[in-house]
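The values are calculated or read from the model by the stated rules, or taken from the named source; none is laboratory data. The shown structure was predicted, so the numbers you read here are calculated from the model rather than taken from an experiment. Cβ coordinates were reconstructed from backbone atoms using ideal geometry, including for glycine residues, and neighbour counts include every protein chain displayed.
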């Protein structure tokens, strides 16, 4: 199975797709850069521009890798807009349904007409004749580093056979694949040989240099040093029990909410406990006259938009979410 995936990836790297028009690329990059600056940001980073360039060149397999906060989502929105403007059909796929829906929502918010579905759903629809990929299809594969070899064994060969483009986005240091195996690093090496791999290393989400330092330190494996850096800046709260920590987090979320800060909390707890916390959160919202929505949702790795927020960004009324396993 692994040999089939690698052989298909090689075919993708040795066949070419039409390069998208430079004027469209430049126009969309300028619009994205202006929008980021208007929102108080620093505009597109050079790494993001290079990633967009690779994904809009003649490559049929592109790998974009970067840690959380390095602007992968922003680059993907620009890529999606350019491909859409050039008449490509965009498929937003991921292992998990929430991640696929989030990506699809982000791309639709950017003005794209795209479809989102899990890799399993994509395979099922193709096999049933309900969906066909061709050279006018661009597959944006989010959280691709978490994909199992089984998922890759359909998606990579099928993309190679149909003439479609495959843009794989992920973070190889994020965690282990959800299922057995996973060939993320080998796909990255193959793409790198043709200049189709882009790595994002500059943290653009965090504005505070100390935040960027501690994130880089943690990612480099120096966890204790990173935690000390956070603790020195009152970013770590120590409680005697997990229940106390969850209650503190709940009330700090409520303080953020009242100040208009969009935040989300991640809790490693049982389903019953998460339901209790969400019920408490709903009660706090209702006390302030807000409509009660179900707040619980399973966690997916979710890079926030490239904006500044004190808390981890989340969508809608989400609060306590379970970590990915």
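Would you call residue 107 in a helix (DSSP H, G or I) and closer than 15 Å to residue 170 by Cα? Against the criterion (in a helix (DSSP H, G or I) and closer than 15 Å to residue 170 by Cα), residue 107 does not qualify.
Under the condition of being closer than 10 Å to residue 63 by Cβ and out of contact with any strand residue (DSSP E or B) (no Cβ under 6 Å at 6 or more places or on another chain), which residue from segment 188-208 is surrounded by the most Cβ atoms within 10 Å (Cβ to Cβ)? Even if it seems obvious, please write down each step before you answer.
Initially, segment 188-208 is screened for residues closer than 10 Å to residue 63 by Cβ, giving 188-192, 196-199.
Subsequent filtering for residues that are out of contact with any strand residue (DSSP E or B) (no Cβ under 6 Å at 6 or more places or on another chain) retains 189-190, 192.
Numbers: 189: 13, 190: 20, 192: 15.
So the residue we want is 190.
Only one entry of 99, 124, 145, 153 meets the criterion of being outside any strand (DSSP E or B), surrounded by fewer than 16 Cβ atoms within 10 Å (Cβ to Cβ) and assigned by TED's automatic domain parsing to the domain that holds residue 57, and that entry is 124. Touching a residue at least 60 places away in the same chain (Cβ under 8 Å) and assigned to a helix (DSSP H, G or I) - does that describe any residue in segment 226-244? No, segment 226-244 contains no residue that is touching a residue at least 60 places away in the same chain (Cβ under 8 Å) and assigned to a helix (DSSP H, G or I).
Quick grid of which residues meet (1) over 30 Å from residue 208 (Cβ atoms); (2) without any contact (Cβ under 8 Å) to a residue 12 or more places away in the chain; (3) more than 14 Å from the chain's Cα centre (by Cα):
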residue	(1), (2), (3)
81	no, no, yes
87	yes, no, yes
93	yes, no, no
108	yes, yes, yes
112	yes, no, yes
143	no, no, no
149	yes, no, yes
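For segment 17-74, the tally of residues that are part of a loop (DSSP other than H, G, I, E, B), touching a residue at least 60 places away in the same chain (Cβ under 8 Å) and either within 17 Å of residue 207 (Cα to Cα) or within 17 Å of the chain's Cα centre (by Cα) (or both) stands at 10. Against the numbered list (1) touching a helix residue (DSSP H, G or I) at 6+ places or on another chain (Cβ under 9 Å); (2) outside any loop (DSSP other than H, G, I, E, B); (3) in contact (Cβ under 8 Å) with a residue 24 or more places away in the chain, residue 132 comes up short only at (2). For segment 110-121, the set of residues classified as in a helix (DSSP H, G or I) and in contact with a strand residue (DSSP E or B) (Cβ under 7 Å, 6 or more places away or on another chain) consists of 119 only.
Out of 64, 82, 90, report the one residue that is touching a strand residue (DSSP E or B) at 6+ places or on another chain (Cβ under 8 Å), farther than 21 Å from residue 190 by Cβ, modelled with pLDDT of 95 or more and buried (at least 22 other Cβ atoms within 10 Å of the Cβ).
Numbers: 64 fails: farther than 21 Å from residue 190 by Cβ; 82 fails: touching a strand residue (DSSP E or B) at 6+ places or on another chain (Cβ under 8 Å).
The match here is 90.
For residue 116, the criteria (1) touching a helix residue (DSSP H, G or I) at 6+ places or on another chain (Cβ under 7 Å); (2) at positive phi hold in every case but one, which is (2).
Residues checked against (1) in a helix (DSSP H, G or I); (2) surrounded by 15 or more Cβ atoms within 10 Å (Cβ to Cβ):
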residue: 246; (1), (2): yes, yes
residue: 249; (1), (2): yes, yes
residue: 253; (1), (2): yes, yes
residue: 256; (1), (2): yes, yes
residue: 260; (1), (2): no, no
residue: 272; (1), (2): yes, no
residue: 281; (1), (2): yes, yes
residue: 284; (1), (2): yes, yes
residue: 289; (1), (2): no, no
